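All of the numbers you see were taken from the coordinates with simple rules; none came from a lab. Values in this document were obtained by computation on a predicted structure and should not be read as measured data. Note: ideal-geometry Cβ built from the backbone for every residue, glycine included; neighbour counts use all protein chains shown.
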Amino acid sequence: MRTGTVFVLVAFVILGMEMAFAQRHSNGGGDRPGFCPKLPKDAIGLCVEKCLGDETCPRGMKCCSNGCGHVCKPAIHVKNAVDDPVEEEWGV
């Protein structure tokens, strides 16, 4: 009986991990071009997830961190990424 319980618990943990990974990386073809704006050092945003990836934002926008959650922000396109105010992935 205990072996069956352990098996079920392990199966749920593995399923949960797979679902979390799939949700985080479900952009169906890659991130949109551009970067997220860099956050101020002490930025604290609303802890709400208003997007789950670039594909959940309107065209021309990226899913970026606001300091706690994620929101859609206009993408920044730069030619020379040295010393530019951008964050590469999820604004983190």
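Of the listed peptides 56-62, 40-46, what is their order by residue-averaged count of other C-beta atoms within 10 Å, with the highest listed first?
56-62, 40-46
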Gained length - Leu46 relative to Val6, 0.36 nm times residue gap less alpha-carbon distance: 10.6 nm
